[in-house]
Amino acid sequence: GNFESVKKPEPIELDQEAIELKDNLIKLKYERAKRLIQEEYATRSTGKKAGDFALEILNIPRTLMSSFDFSAPLRQGLVQTISHPTIAGPALVEMFKQAVSQKRFDRWFHDLRESPFFDLISKSGLYVADPHDIRLSTKEEYFMNNYAEKIPLIGKLVKGSERAYVTYLNKMRVDLFKQGAEVLAVQGKTFENSPEVYKALAKFINNSTGRGDLGKLEDYAPILNTIFFSPRLIASRLNLLNPAYYAKLPKEVRVRALADMGKFIGFGLSVLGLLKY
């Protein structure tokens, strides 16, 4: 019968020295993880190494074309930027901050992975791009190579552009998913009793932020990337235009998806009306 509210512990505020120590620890962790992947890559066959090298070289022009423009909000993130401006605003601010700070970028990514919420993100299939991983499959398709950032003079600008692009889309996806998960929790739905709803929510957020599912062609994504400018973005837009896609969604997610698309279409019609006027 004791209904006294329990106060949550206050988050610990780190001083500057503690922040620097944390940044150094995070850097060491990512360097170790990168070395482990490099050792794994070293065991590939000669043919596989040659093929991966060719793919990375072919992807450099697109990476350079996608750099220096801060275009994520109105390219892959267009639908959700329009539908959820209150979520897009903080993501936009974070995008510019992390574009010029590798430490801030690493810290944000590290804190996300260490949070209890990340397990739900992973199980649900929400895509979170990881530039720390040298494997092409973990990257945003516009930055699917590891060589552009090593080009003299412009390499650092390319790396900053990738941080900006990845930051905006990652934060949008995580915040949108968190918002949706909170609504599902209020409805009494957890991943344990309704995993299909959480997976559908993650899949819709992936699609609405330009990360479409390639189906049986998933394993060939790096190759398709050399043929098409952005095959996942094309797949995501085709899904969002397909009524059958919405019909297959669970009711809880379908309502949210149609509401988001309604806001986006309404905004577009308003712009067209103003232009005509």
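The values are calculated or read from the model by the stated rules, or taken from the named source; none is laboratory data. In this text the structure is predicted, and so the values were computed from the model without any measurement. All Cβ positions, glycine included, derive from the backbone under ideal geometry; neighbour counts span all protein chains shown. To get the accessible areas, we keep the full protein, side chains included, count just its heavy atoms, and leave off ligands, DNA and RNA. Shrake-Rupley method; radii C 1.70, N 1.55, O 1.52, S 1.80 Å.
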For region 138-277, state the average projected area of the convex hull of the C-alpha atoms over all orientations, rounded to one decimal in nm².
11.7 nm²
Once the dipole of the chain is set up from charges on Cβ (+1 Lys and Arg, -1 Asp and Glu), the residue from the list Asn170, Tyr147, Ala247 lying farthest towards its positive end is Ala247
Within region 172-186, backbone nitrogen closer than 17 Å to the virtual label 7 Å beyond the Cα of Val255 toward Cβ
179-186
Could you give the alpha-carbon Rg of region 1-107 over 2.2 N^0.38 Å, rounded to two decimals?
1.64
Dipole magnitude of the chain about its Cα centre, charges +1 at Lys/Arg Cβ and -1 at Asp/Glu Cβ only, in debye to the nearest 20?
720 debye
Those lysines that a straight Cα-Cα span of less than 20 Å connects to Lys189, excepting residues fewer than 8 apart in one chain
Lys123, Lys178, Lys199, Lys203, Lys248, Lys251
Over region 131-265, with neighbouring protein chains present, the accessible area per residue in Å² at probe 1.4 Å is 46 Å²
Rounded percent of accessible protein surface that carbon and sulfur make up, the chain, 1.4 Å probe
63 percent
By Kyte-Doolittle mean hydropathy of at least 0.0 and Cα axial length of at least 27 Å, which whole DSSP H helices of the chain are selected?
46-66, 251-276
Non-local amide H neighbours of Phe68 (under 5 Å, H modeled in plane, Pro and chain starts lacking H): which ones?
Ser161
Principal axis lengths of region 28-187 from Cα atoms, whole Å, largest first?
53, 31, 26
Over region 1-81, give the accessible area per residue in Å² for a 1.4 Å probe, as an integer.
76 Å²
